[in-house]
Amino acid sequence: MSNRRVVIAEIRLLLLTLLVSAGLGLLLGSLPVGLVVGLSMIMVLWTLQFRRILQWLERPETEPPEGKGVWGLIFDTIYRVQRRSEEAQFRLASALDYIQDSLASMRDAAIIVDARGKIAWANTSAEHLLDIRFPEDRGQLLQYLIRAPQFNAYYDADDYSQPLRIPPTSEGDDCLQVEISRFGEGDRLVFVRDITENYRLEQMRRDFASNVSHELRTPLTVIKGYVDTLLDLDAFADGPLRRPLMHVNEQSQRMETLLADLLWLARIESIESQKKTDVVAVPVLLDELLLELQIGWTERDIQLQVTTSASIVGDEAELHSAFSNLTINALKYSETGPVVIRWHEDTGYPTFSVTDFGVGIAPQHLPRLTERFYRVDKSRAQSITGTGLGLAIVKHVAASHQAELTVDSQLGVGSTFSLVFSQHES
Ligand code: ADP
């Protein structure tokens, strides 16, 4: 029977009961008494059914009571809703178990921290990597157990868009990478990965580049010395060997620049994670840079516009090299038109930008520009001197000064390269 019919049948039964009680009341001489008796009977019946429901709900694991008519319908409906919610709870619990099992079996440490910064859960890898034991350390402050200052600064800064790398402080220590994501109401999921292997490989690569550059410098100086001497000799003033010797001279000059850039890059990389403390007066630095460039690029119109006096906490030599690389690129990759250097706060942060009206860069090259030795147009780049390391240097200087390198460029129109500093010291 459909629910509607059951309800209609119940109403009919109620009306019939009232009718019979009214009839009996009339027969016995009082209609109200008959109605009161009828209504009381209905109330007693309902109270009994309510009691049965309450008794059953107190022990929901038992079968629902048998019931007829509308009461049977109510029992069935409650029973179905209850089953559905039990199933949903079971599914949720299985999903939670599944997620916890998969987090528990990870090689990375996974820790769930509540809104007050206390450990709510941790997997077994947290013990190997961080010495955090679960459940023993449940309720402890995570920042109390991980005492690395970089970790605490990262945790408090609340900007988790980039992972944090904690380099080893002494030989034999691990290099760790931390990633944090927020969920729920202020809870955090902290992942810590052991990247010691990658760190060592990276260090080996850096050491190799720097050692090779060092080793190549001495033979190169000797070659250059001999070529210079030979070129000065009268015997080679106009002879057929002059051109090849000039070529050797040019190439050794290029190689010298390349080695200097490689060594500089290795130095910047090696001290990237060290905290910088010098206050660099950028407007003064840019005045000096302008003078230097005007000596080498007499034909060009180089403009300097300074609209903020902001200083930067950093390394003067590194900042000079980044600004100089970007400006020299602007000069190299534009044959005519002005090159405009700006130091401003239009972005809300102290920003260095340099604009040229030169060849520009097609969008597909932009993501790869800061790779070592990446040059956009190899054949054209041949005629423009460069090592392909300039923007790699700029990227590392940016990273060690909490700055972001942005490029706005249009092919055939020109480019603006900017360094946006998120810190400043006025
Ligand atoms: P390079 O020594 O070749 O200039 P960089 O690392 O400084 O090396 O730059 C990488 C490449 O990016 C360059 O070879 C060039 O193709 C492109 N590039 C850099 N700056 C500009 C610019 N201002 N305009 C156009 N292309 C540029």
(message) Return the Rg/Rh ratio of segment 106-194 with Cα-based radii and a Kirkwood Rh.
(response) 0.93
(message) Of SER252, ALA266, VAL279, which is farthest towards the positive pole of segment 239-298's charge dipole, taken about the Cα centre with +1 and -1 on the beta-carbons of Lys, Arg and Asp, Glu respectively?
(response) SER252
(request) Starting from the Kirkwood radius over alpha-carbon pairs of segment 279-425, derive D by Stokes-Einstein at 37 °C in a medium of 0.692 mPa s and give it in µm² s⁻¹. (result) 214
(request) Using Cα pairs closer than 8 Å and at least 6 residues apart in sequence, work out the relative contact order for segment 279-425, in percent. (result) 26
(request) Mind sorting LEU293, LEU391, LEU31 by how few other Cβ atoms lie within 10 Å of their own Cβ, fewest first? (result) LEU31, LEU293, LEU391
(request) Please give the residues of segment 192-228, grouped as numeric ranges, whose backbone N is less than 20 Å from a label point set 7 Å along the Cα-to-Cβ vector of ASN249. (result) 219-228
(request) At a Cα cut-off below 28 Å, give the lysines reachable from LYS224, other chains included and same-chain residues fewer than 8 away excluded. (result) LYS332, LYS378
(message) What percent of all Cα-Cα pairs in segment 204-270 falls into each 5 Å bin, going from 0 up to the bin containing the maximum distance?
(response) 3, 17, 23, 17, 13, 10, 8, 5, 3, 1
(request) Provide the gained length on full extension for the span ILE271 to TYR374, in nm with one decimal, where the gain is 0.36 nm per separating residue minus the Cα-Cα distance. (result) 34.7 nm
(request) Determine the gain in length on full extension of the stretch ASP156-LEU26; use 0.36 nm per residue of separation and subtract their C-alpha separation, reporting nm with one decimal. (result) 38.5 nm
(message) Give me the tail of P(r) for the chain as a percent: Cα-Cα pairs with distance above 37 Å.
(response) 56
(message) What lysines does LYS395 reach when the alpha-carbon gap must be under 18 Å and sequence neighbours fewer than 8 apart in one chain are set aside?
(response) LYS275, LYS276
(request) State, as an integer percentage, the relative contact order of the chain based on alpha-carbon contacts under 8 Å between residues 6 or more apart. (result) 9
(request) Would you mind telling me which residue in LEU326, LEU290, LEU92 has the biggest mean-square fluctuation in a Gaussian network model of the chain, where springs connect alpha carbons within a distance under 10 angstrom? (result) LEU92
(request) Kindly express, to the nearest 10 degrees and within the range 0 to 90, the angle between helix 196-232's C-alpha long axis and the longest C-alpha principal axis of the chain. (result) 20
(request) Towards the positive end of the charge dipole of the chain, with charges on Cβ (+1 Lys, Arg; -1 Asp, Glu), say which of VAL394, ILE166, THR17 has the farthest Cα. (result) THR17
(request) Run through all the Cα pairs of segment 279-345 and give the fraction in each 5 Å bin from 0, expressed as whole percent. (result) 4, 16, 29, 26, 15, 8, 2, 0
(message) Which one, THR124, THR221, VAL192, projects farthest toward the positive side of the charge dipole computed for segment 79-237 from Cβ point charges (K/R +1, D/E -1)?
(response) THR124
(request) Be a star and scan segment 58-78 for residues whose amide nitrogen sits under 20 Å from the point 7 Å along the Cα-to-Cβ vector of ARG5. (result) 67-77
(request) Report the FRET efficiency, 1/(1 + (r/R0)^6), for ALA237 and THR257, where r is their Cβ-Cβ distance and R0 is 41 Å, rounded to 0.05. (result) 0.95
(request) Report, in deg cm²/dmol and to the nearest 500, the calculated mean residue ellipticity at 222 nm for the chain, where each DSSP H run with n ≥ 4 adds -39500 (n - 2.57) and the sum is divided by the residue count. (result) -18000 deg cm²/dmol
(request) Note down the Stokes-Einstein diffusion coefficient of segment 3-92 in µm²/s, whole number, using a Kirkwood radius over alpha carbon pairs, 25 °C, and 0.890 mPa s. (result) 161
(message) Less than 16 Å from a label point 7 Å out along the Cα-to-Cβ axis of ILE99: which backbone N atoms in segment 123-167 qualify, by residue?
(response) 123
(message) With +1 on the Cβ of every Lys and Arg and -1 on the Cβ of every Asp and Glu, and nothing else charged, how large is the dipole of the chain about its Cα centre, in debye rounded to the nearest 20?
(response) 2380
(request) Sort TYR154, TYR226, TYR160 so that the residue with the fewest other Cβ atoms within 10 Å of its own Cβ comes first and the one with the most comes last. (result) TYR226, TYR160, TYR154
(request) Could you tell me how many degrees, from 0 to 90 and to the nearest 10, lie between the Cα long axis of helix 390-400 and the main elongation axis, the longest principal axis, of the Cα atoms of the chain? (result) 50
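Throughout, read-outs are computed from the coordinates displayed, never taken from laboratory work. What you are looking at is a predicted structure, and each value in this text was computed from that prediction instead of being measured. Every residue, glycine as well, gets a Cβ built from its backbone with ideal geometry; the counts of neighbours run over all protein chains shown.
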